[in-house]
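I have placed the structure first, in the form of structure tokens, so that the comments after it can refer back to it.
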Amino acid sequence: MLIVPEREIAALMTRDAAFDAVESVFAAMAARDAYNFPVIREAIGHEDALYGFKGGFDKTGMTLGLKAGGYWPNNLEKHGHINHQSTIFLFDPDTGMVRAMVGGNLLTALRTAAASSVSIKHLARKDAKVMGMVGAGHQATFQLRAALEQRQFEKVIGWNYHPEMLPNIEKIANEAGLPFEAVELEGMTEADVVISITSTFAPTIMADHIAPGTHIACMGTDTKGKQEVEAALLARSTVFTDEVAQSISIGEAQHAVGSGLIQESDVHQLGAVINGTHKGRTSDDEITLFDGTGVGLQDLAVAASVVDLAVKNGVAIEVDF
Ligand code: NAD
């Protein structure tokens, strides 16, 4: 069995490798060569922690396994560890024997950023120039860094509920050589691509905040009850997602479907666009919306990729197990 510790991931994993892994697995999911197992998420009644498992099997990439982890709200204060903790386990699909144990904290941010990037590659207008960010927390920096590689952006605009956090994303824009401007939500209509990555339970982005022709990736809503955008925006958009079952139950589409504004059949898999079985964007005026809920297969795909890199670089720890 191989171990790739959390401390090694930053030096091994690249945004390009994460992008390729996630794009491939979305395609495999749409081709029905890969599927996610039902998600388990439990409040364990200790330390206010939420703990659970996300797993799946990808026959194309031959990845089988799960990510175990969750959220410990007191970690940083009490123990000096980050609040989100996860570990990915890979198994040999031929024998069921454990193949690898991989640190999952940084990989989670990289695979989540890769998902919105894949959506931008396949759904945003080719001439997109203004990148809009709603959110400026931990994930937002990863999201913006990856998104800026997808088009020839000339400017980044941003809004955050806590404006004092905006320098987090201004720094990323400036590192990419782009100017940054803080805007009101009404000013988001200037953006050609928008990423929302917040933890809100009440929508902040209204349908009028998004201009025709925009691609918006909604990445924050991954739990029942969370909502970043007004449900009317989904009715006005062509809606894509990683996994339809998750989109309508724990993703952004839970609200639009629940209130009858759209049907489950209006939510399309991004993988179908990658495979060419869905036409994707069909006009420059269309709003495309990607509801990124986060699936276990994304975690397995990036973990498998990092195990290969760790072996190649001689940093995988081999344990007789
Ligand atoms: P964080 O705590 O670092 O940042 C939270 C962000 O939400 C900040 O920008 C904050 O200002 C904003 N926010 C908080 N309360 C708000 C409110 N009431 N209204 C509007 N904005 C508000 O968190 P993070 O690690 O960056 O995660 C952000 C979200 O992304 C979380 O909801 C998390 O669960 C989700 N997430 C999704 C995936 C996925 O695969 N889709 C993966 C990881 C995290």
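The values are calculated or read from the model by the stated rules, or taken from the named source; none is laboratory data. Given the structure is predicted, the values throughout are model-derived calculations rather than measurements. Note: ideal-geometry Cβ built from the backbone for every residue, glycine included; neighbour counts use all protein chains shown. When the accessible area is computed, the model is the full protein with side chains, heavy atoms only, and any ligands, DNA or RNA have been set aside. Shrake-Rupley method; radii C 1.70, N 1.55, O 1.52, S 1.80 Å.
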Search segment 199-221 for residues being under 18 Å from Gln139 (Cα atoms) and open to solvent by 60 Å² or more (accessible area, probe 1.4 Å), and hand back the single one that is farthest from the ligand (Cβ to nearest atom). Phe201
Can you list residue pairs whose Cβ atoms sit under 8 Å apart, with the first residue in segment 276-302 being more than 15 Å from Ser117 (Cα to Cα) and the second being open to solvent by less than 10 Å² (accessible area, probe 1.4 Å) and near the ligand (Cβ under 10 Å from one of its atoms)? Count only pairs 6 or more apart in sequence or on different chains. Val295/Asp242
Within segment 158-213, track down each residue that is farther than 19 Å from Leu123 by Cα, among the small types (Gly, Ala, Ser) and in a strand (DSSP E or B). Gly158, Ala182
Filter segment 295-321 for residues that are in contact with a strand residue (DSSP E or B) (Cβ under 8 Å, 6 or more places away or on another chain) and of a type in the set (Gly, Ala, Ser) and give the result. Gly296, Ala301, Ala303, Ala304, Ala310, Ala316
Out of (1) touching a residue at least 40 places away in the same chain (Cβ under 8 Å); (2) open to solvent by 20 Å² or more (accessible area, probe 1.4 Å); (3) in contact with a strand residue (DSSP E or B) (Cβ under 7 Å, 6 or more places away or on another chain), the one Ile120 does not meet is (2)
Tally up the residues in segment 265-294 that are touching a strand residue (DSSP E or B) at 6+ places or on another chain (Cβ under 9 Å), small (Gly, Ala, Ser) and away from the ligand (no atom under 16 Å from the Cβ), please. 2
